[in-house]
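Here the structure comes first, spelled out in C-alpha coordinates, and everything after it is commentary.
The values are calculated or read from the model by the stated rules, or taken from the named source; none is laboratory data. Computed from a predicted structure; not experimentally measured. The protein model used for the area step is the full one, side chains on, heavy atoms only, and it has no ligands, DNA or RNA in it. Shrake-Rupley method; radii C 1.70, N 1.55, O 1.52, S 1.80 Å.
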Amino acid sequence: KELGTYLFSAIDAAGENPQNWKLLALTIIHGRYHAKAPAAKVLKKNDEGPRQEGHGERLSFYLFYVYLQIMARKDTSSKLFLGQACECLGRLALPAGGTRDICALLEHLVYDTLNVA
(Lines give C-alpha, C1' and ligand atoms only; values in the text may rest on other atoms or scores of the structure.)
Protein backbone atom coordinates (compact mmCIF):
# COMPACT_ATOMS: atom_id res chain seq x y z
CA LYS A 1 0.00 0.00 0.00
CA GLU A 2 2.78 2.40 0.94
CA LEU A 3 4.65 1.65 -2.28
CA GLY A 4 1.56 2.62 -4.29
CA THR A 5 1.28 5.89 -2.39
CA TYR A 6 4.89 6.75 -3.25
CA LEU A 7 4.33 5.88 -6.90
CA PHE A 8 1.15 7.98 -7.06
CA SER A 9 3.09 10.90 -5.58
CA ALA A 10 5.87 10.44 -8.14
CA ILE A 11 3.36 10.31 -11.00
CA ASP A 12 1.67 13.43 -9.73
CA ALA A 13 5.03 15.19 -9.46
CA ALA A 14 6.03 14.08 -12.98
CA GLY A 15 2.99 15.82 -14.40
CA GLU A 16 3.22 16.16 -18.16
CA ASN A 17 6.96 16.73 -18.35
CA PRO A 18 8.63 14.05 -20.53
CA GLN A 19 11.96 14.44 -18.72
CA ASN A 20 10.31 13.70 -15.38
CA TRP A 21 8.73 10.56 -16.86
CA LYS A 22 12.10 9.41 -18.20
CA LEU A 23 13.57 9.89 -14.75
CA LEU A 24 10.72 7.92 -13.17
CA ALA A 25 11.14 5.00 -15.60
CA LEU A 26 14.93 5.02 -15.16
CA THR A 27 14.56 5.04 -11.39
CA ILE A 28 12.27 2.01 -11.49
CA ILE A 29 14.53 0.02 -13.82
CA HIS A 30 17.69 1.03 -11.94
CA GLY A 31 16.96 -1.42 -9.13
CA ARG A 32 16.75 -4.31 -11.59
CA TYR A 33 19.83 -3.38 -13.59
CA HIS A 34 22.09 -2.16 -10.82
CA ALA A 35 22.30 -5.49 -9.01
CA LYS A 36 23.72 -7.03 -12.21
CA ALA A 37 26.16 -4.23 -12.97
CA PRO A 38 29.87 -4.99 -12.60
CA ALA A 39 30.29 -2.00 -10.28
CA ALA A 40 27.54 -3.29 -7.98
CA LYS A 41 29.12 -6.76 -7.91
CA VAL A 42 32.46 -5.25 -6.89
CA LEU A 43 30.79 -3.22 -4.13
CA LYS A 44 28.97 -6.31 -2.88
CA LYS A 45 32.17 -8.38 -2.97
CA ASN A 46 33.97 -5.69 -0.95
CA ASP A 47 30.98 -5.44 1.40
CA GLU A 48 30.54 -1.75 0.50
CA GLY A 49 27.23 -1.88 -1.33
CA PRO A 50 23.71 -1.60 -0.03
CA ARG A 51 22.29 -4.56 1.83
CA GLN A 52 19.78 -5.76 -0.75
CA GLU A 53 19.29 -9.44 -0.14
CA GLY A 54 16.62 -11.65 -1.62
CA HIS A 55 14.16 -10.62 -4.27
CA GLY A 56 13.09 -7.20 -2.99
CA GLU A 57 14.23 -5.34 -6.09
CA ARG A 58 12.44 -7.89 -8.29
CA LEU A 59 9.18 -7.57 -6.36
CA SER A 60 9.42 -3.76 -6.38
CA PHE A 61 9.86 -3.80 -10.15
CA TYR A 62 6.81 -6.03 -10.58
CA LEU A 63 4.67 -3.88 -8.30
CA PHE A 64 5.69 -0.63 -9.95
CA TYR A 65 4.99 -2.07 -13.38
CA VAL A 66 1.57 -3.42 -12.40
CA TYR A 67 0.61 -0.11 -10.73
CA LEU A 68 1.65 1.82 -13.84
CA GLN A 69 -0.25 -0.58 -16.10
CA ILE A 70 -3.44 -0.30 -14.04
CA MET A 71 -3.19 3.50 -14.01
CA ALA A 72 -2.50 3.56 -17.77
CA ARG A 73 -5.94 2.00 -18.33
CA LYS A 74 -7.68 4.89 -16.56
CA ASP A 75 -8.60 8.21 -18.12
CA THR A 76 -6.05 10.56 -16.62
CA SER A 77 -4.01 13.46 -17.91
CA SER A 78 -0.91 11.25 -17.62
CA LYS A 79 -2.35 8.32 -19.60
CA LEU A 80 0.03 8.79 -22.54
CA PHE A 81 3.11 8.94 -20.31
CA LEU A 82 1.91 5.98 -18.22
CA GLY A 83 1.57 3.89 -21.36
CA GLN A 84 5.00 4.92 -22.61
CA ALA A 85 6.57 4.14 -19.22
CA CYS A 86 4.97 0.67 -19.27
CA GLU A 87 6.23 0.09 -22.81
CA CYS A 88 9.74 1.16 -21.83
CA LEU A 89 9.82 -1.01 -18.70
CA GLY A 90 8.34 -3.95 -20.60
CA ARG A 91 11.07 -3.73 -23.24
CA LEU A 92 13.76 -3.58 -20.58
CA ALA A 93 12.34 -6.43 -18.49
CA LEU A 94 14.09 -9.15 -20.48
CA PRO A 95 17.62 -7.72 -20.35
CA ALA A 96 17.14 -6.49 -16.78
CA GLY A 97 15.67 -9.60 -15.23
CA GLY A 98 15.47 -12.31 -17.86
CA THR A 99 12.61 -14.57 -18.77
CA ARG A 100 11.58 -14.86 -15.13
CA ASP A 101 10.61 -11.18 -15.12
CA ILE A 102 8.78 -11.47 -18.45
CA CYS A 103 6.79 -14.47 -17.20
CA ALA A 104 5.93 -12.74 -13.93
CA LEU A 105 4.78 -9.57 -15.67
CA LEU A 106 2.62 -11.58 -18.08
CA GLU A 107 1.15 -13.52 -15.18
CA HIS A 108 0.30 -10.37 -13.23
CA LEU A 109 -1.18 -8.59 -16.24
CA VAL A 110 -3.29 -11.58 -17.32
CA TYR A 111 -4.52 -12.02 -13.75
CA ASP A 112 -5.45 -8.34 -13.57
CA THR A 113 -7.24 -8.49 -16.93
CA LEU A 114 -9.22 -11.58 -15.88
CA ASN A 115 -9.96 -10.04 -12.50
CA VAL A 116 -11.41 -6.91 -14.15
CA ALA A 117 -13.50 -8.90 -16.67
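Tabulated data
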item	result
Phi-based couplings in Hz for the range 89-96 (Karplus 6.51, -1.76, 1.60; Gly and Pro marked x)	5, x, 5, 8, 4, 5, x, 7
Glu2 - accessible surface, heavy atoms, 1.4 Å probe, Å² rounded to 10	120
In Å², nearest 10: area of Lys79 left accessible to a 1.4 Å probe	80
